[in-house]
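Asks: I am attaching a structure below and will ask some questions about it afterwards.
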Amino acid sequence: MIEHQQLNLPPHLQKKSPVPYFIRTTIFVTCALTIAGGSWYVAVDLTTASDLTAIYNCSAFFAYAFAIPLLHEKLRWSKVFAVGVAIVGVLVVAYGDKGAPKHGSKSGGGAGGPHAPENDEAENRALGNLVIGVGSVLYGFYEVLYKKVACPPDGCSPGRGMIFANTFGSLMGTFTLLVLWIPIPILHVLGWETFELPTGKTAGILLVSVLANATFSGSFLVLISLTSPVLSSVAALLTIFLVALCDQILPPPLYQPLTGAAIAGGVLIIAAFLLLSWATYREMDEERKKHAEEIAPESDDDEDL
């Protein structure tokens, strides 16, 4: 059903094994996500936190740009405006209060990332901005790619879509566990990056982080499956404001004051999400009515016969 985007398959396709398609798609989509997410961790030491937050979270724009040719979405100015408002909100958060600590940006998994060190004299800033710019494009491409090659066709029940979204997320995790660990010992032996097993408090924090991100990633894939990559990408921007709110309950020195820019940017992002949700709902409702009108004449013809 997913490979051919058809609900009713002919008999010769029903006998075909889905395993080769699952393997190819899992490798392709997981590599796209890994490269996009890895760019965040490469760029974090090269550029400033403000640039990192602003550029990477422009992936919502690129998700819409890729959705038009790949998913054949119509160019709707209401969606363009909503995405633009969301990006403005991110810019306000990133650059609104110069000299104030910045809040975490979106990480590779789409959730609120770790805090990036603010360094006005960041070395290789242009290179870092280029790296995170490529990552932003690839993350938008990953979202659309998942919708195109790993989501059930239109008309599939929401329950089946949710089940398969988590199934595919598990396949991505399996590929990561079996294959993507290979560079770790190589980097360790070469001395490029030293790795140690986490212990004590660090291990506990990592466990909480893993569980939280697993919950986010599963929900994120379900949202893409049931709605669109554009709405999901803008929804992920809400994590920026949530990180700012969570900072209020952290003890010093992790505590960061809630600035006016964080509040204003958060309000803009929330407004953009509501606007885009409404635009997406109207679009889905129009498609539903159109589909019902196409079926109605066929039913009338059957009754006449």
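Every read-out reported here was derived from the displayed coordinates using simple, explicitly stated rules and does not represent laboratory data. Predicted model only: the values in this text are computed from it and were never measured. All Cβ positions, even for glycine, are placed from backbone atoms using ideal geometry, and neighbour counts span all protein chains on display.
Asks: The range 1-51: Rg/Rh from Cα coordinates, Kirkwood Rh?
Replies: Here the Rg-to-Rh quotient is 1.33.
Asks: Another question about this same structure. Please compute the contact order of the chain in relative form: average sequence separation of alpha-carbon pairs under 8 Å and at least six residues apart, divided by the residue count, as a percent.
Replies: Working: 374 pairs, mean separation 88.0, N = 305.
That works out to 29 percent.
Asks: Separate question: With the calculation restricted to Cα positions, what are the radius of gyration and Dmax of the chain in angstrom?
Replies: 21.5, 78
Asks: Now for a separate question. For the range 154-213, what is the convex hull volume of the alpha-carbon atoms per residue, in Å³?
Replies: 116 Å³
Asks: For all pairs of alpha-carbon atoms in the range 1-105, what percent lies in each bin of width 5 Å, listed from the first bin to the last filled one?
Replies: Taking every Cα pair in the range 1-105, the percentages come to 2, 10, 13, 14, 14, 14, 12, 8, 6, 4, 2, 1, 0.
Asks: Still on this model: Find how many whole Å separate the alpha carbon centroid of the range 137-163 from the alpha carbon centroid of the range 164-228.
Replies: If you average the Cα positions of each part, the centres end up 20 Å apart.
Asks: Let me ask another. Taking 8 Å as the Cα distance limit and 6 or more residues as the minimum spacing, I'd like the relative contact order of the range 155-279 as a percentage. Before the final figure, lay out each step's value.
Replies: Details: 57 pairs, mean separation 30.5, N = 125.
Contact order relative to length: 24 percent.
Asks: Ranked highest first by average number of other Cβ atoms within 10 Å, how do 84-95, 55-66, 206-217, 157-168 line up?
Replies: Working: 84-95: 21.7, 55-66: 24.4, 206-217: 13.3, 157-168: 15.2.
Order by mean packing, descending: 55-66, 84-95, 157-168, 206-217.
Asks: Just 256, 14, 248 to compare: in a GNM of the chain, with alpha carbon springs under 10 Å, which one fluctuates most?
Replies: Ranking 256, 14, 248 by mean-square fluctuation puts 14 first.
Asks: Rounding to the nearest 10 and keeping the result within 0 to 90°, find how far the Cα-based axis of helix 229-246 lies from the longest principal axis of the chain.
Replies: In the chain, helix 229-246 runs at an angle near 30 degrees to the longest axis.
Asks: In what order do 132, 186 fall by count of nearby beta-carbon atoms within 10 Å, going from fewest to most?
Replies: Lowest count first: 186, 132.
Asks: Continuing with the same structure: Which pairs in the list 74/290; 79/147; 147/289; 15/290 are over 21 Å apart, alpha-carbon to alpha-carbon? Please report the intermediate quantities before stating the final value.
Replies: On the way: 74/290 15 Å; 79/147 18 Å; 147/289 23 Å; 15/290 33 Å.
From the list (74/290; 79/147; 147/289; 15/290), the Cα-Cα distance tops 21 Å for 147/289; 15/290.
Asks: Extending each Cα 7 Å along its Cβ direction at residue 179 and residue 74, get the distance between those two points in nm, one decimal.
Replies: Spacing of the two 7 Å Cα→Cβ label points: 3.9 nm.
Asks: Also, I was wondering about something else. In nm, to one decimal, how far is the modelled label at residue 5 from the one at residue 270, with both set 7 Å along Cα→Cβ?
Replies: Computed distance between label sites residue 5 and residue 270 equals 3.7 nm.
Asks: Using only the Cα atoms of the range 151-305, build the gyration tensor, take square roots of its eigenvalues as a ≥ b ≥ c, and label the shape rounded, prolate or oblate: rounded if a/c is under 1.5, else prolate if a/b is larger than b/c, else oblate.
Replies: Judged from the Cα gyration tensor, the range 151-305 comes out oblate (a/c at least 1.5, b/c at or above a/b).
Asks: Put a dot 7 Å past each Cα toward the Cβ at residue 193 and residue 13; how far apart are the dots in nm?
Replies: Computed distance between label sites residue 13 and residue 193 equals 4.0 nm.
Asks: If we count other beta carbons within 10 Å of each Cβ, what is the order of 176, 194, fewest first?
Replies: With the sparsest Cβ surroundings first, the list reads 194, 176.
Asks: As I understand it, the value is the acute angle between the Cα axis of helix 125-149 and the longest principal axis of the Cα atoms of the chain; what does it come to in degrees, rounded to 10?
Replies: In the chain, helix 125-149 runs at an angle near 20 degrees to the longest axis.
Asks: Which angle from 0 to 90°, rounded to the nearest 10, does the C-alpha axis of helix 200-226 make with the longest principal axis of the chain?
Replies: Tilt of helix 200-226: around 30 degrees.
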